[in-house]
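Derivation of every value follows stated rules applied to the coordinates shown; laboratory data play no part. Because the structure is predicted, anything quoted here is derived from the model rather than measured. Positions of Cβ are backbone-derived with ideal geometry, glycine not excepted, and every protein chain shown enters the neighbour counts.
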């Protein structure tokens, strides 16, 4: 029978922040002590560890009040409450393959809870399911509160029977039974209502089917009307198209004539352009002649200017000679007066003669230049006569071009008259086209009338669609009711499968433990040296690190060599045993980890695990590659263990 072997309490109610261990032996246990010493708190710690969440059952106003000195400041660091209950499971009443089952619950200062099963984190629901299988859960028969026995002794026979049934759990099952019967009855009622609603829905669906058939018939008639209207419109459109084609042919003929006249016009324009080019070339020659004439005129004016300058200088010199001749008598008088200085005067006279001779030479030279200028003027005059003859020829050509231009203008006027005739024909064709457009507008008005008829039919269709949508919404409502009933049935099916999943979970947890238990029955014959957790031990402060590092291999079987491993595997296959982990000692490699030299690294985790010398390879294999690291945070020391490769 399952019974409690040991209870460990830390920081729970009157128990301070230190580990308190209470051992229990099989049989009746009595705890005595003065009032307020914490006797009832032991029972509260047990039901707290087993998952009790009602504070009033544990005589507290809220769960956080269960933590020792929650509002005080006696403890530096985080405050927490922890309670562990160790069960004797040698008869495997609890479906866990272990002779001892440890259930631990921790609650921090924020009221958050963590559950552990054999030092592995788990869920509260899993623990409650395992305890229910062993009939060791939070039932009134397992947890009799203070004053319950006294109240029972004062009850009548019927009340005692009721209380005993409550303690045994019969009333609990009766309540579950009545509740299930009520749920089944309610489900039957809802099913009957759903069936009735389904009948109504079927009637509504039949009505909708009739309306749908009417709607399809209306759509067919509407399509036929549209088809006949389309045929009528197509025949009218065909006659209009024939008229349009004939008119387009006449229009094409007129356009071809217009293009012909356009080609003639382009020919005339080309001839006009050729005359214009000839005229521009002739004008270019005239401009060159004018430029040459202008250059000759400029040279002639320059020569004339030089001639005028020379003529003016000759005139001035003649005047000077006349002045000199006029002064001759005076000079003679002066000569007579200055006969005494005749030598000097003669020298001056000789000088004057020389100057007169030089003047005569210059005069002769100027006369030669005037003769050259006259010859040049005669040459310019001959060039002017030649230019005048060329100008006369140009004028003759201009007269000829003017006559050609006059002929072109006559041809242009003739073309303009023909163009006006074409415009008159085009206007007549435009008038005919307007008649065609009027016919099209008449057809458009008839089309609008048809569209109005179609709109009336569409309004009728919309009304039918609205009625169909209303019936469709009603149908959706009925379908929703049916879905609700289906959901109720699904919930009942889920409730039935819930217990099946619980059983599967328990079986899954038992597979490996069941295999180990079967193999340990023939341990000596098979050469099994033990399990990993049986061959090693560790300090309490490193328990979490050890469990975190070796959680996969903690239940593995230890054998001496690889041959033994093969024999055990063959035996397990013969017995059809599932889930098996085996570690052969001779197959474990020898290695040594040198911890890195860095701040916070304390050492290797394997140094804090104890075992027999023959199991040292197991210790090295599981913990030889894990470092122990110390980290200071918020003035509290925490130890973490990490795998280091």
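For the reader, a short list of remarks on this structure follows.
- Label-point gap, in nm, between residue 456 and residue 612 - each point 7 angstrom along Cα→Cβ: 10.8
- Cα-only radius of gyration and Dmax that characterise region 1-137, units Å: 14.9, 46
- Gain on full extension, evaluated as 0.36 nm per residue between residue 358 and residue 220 minus their Cα-Cα distance, stands at 36.1 nm.
- Backbone N within region 12-30 under 17 Å of label point (7 Å from residue 62 Cα along the Cβ vector): 13
- Inter-label distance, nm, simple model (7 Å from Cα along the C-beta direction), residue 324/residue 18: 16.2
- Hypothetical label at residue 3: residues of region 78-107 whose amide nitrogen lies under 14 Å (7 Å Cα-Cβ projection): 87-91
- Extension gain for residue 469-residue 412 works out to 12.8 nm (0.36 nm per residue, less the C-alpha to C-alpha distance).
- FRET efficiency for the residue 283 to residue 305 pair, using the beta carbon distance and R₀ = 22 Å, is estimated at 0.10.
- Length added when fully stretched, residue 29-residue 393, from 0.36 nm per residue minus Cα-Cα: 115.4 nm
- Computed FRET value (nearest 0.05) for residue 429 with residue 265, which takes r as the C-beta separation and R₀ as 25 Å: 0.75
- Residues of region 406-449 with amide N under 18 Å of a point placed 7 Å along Cα→Cβ from residue 246: 428-440
- For region 523-575, convex hull volume per residue from C-alpha positions, Å³: 89
- Scattering profile of region 190-303 at q = 0.19 Å⁻¹ [log10 I(q)/I(0), Debye over alpha-carbon scatterers]: -1.06
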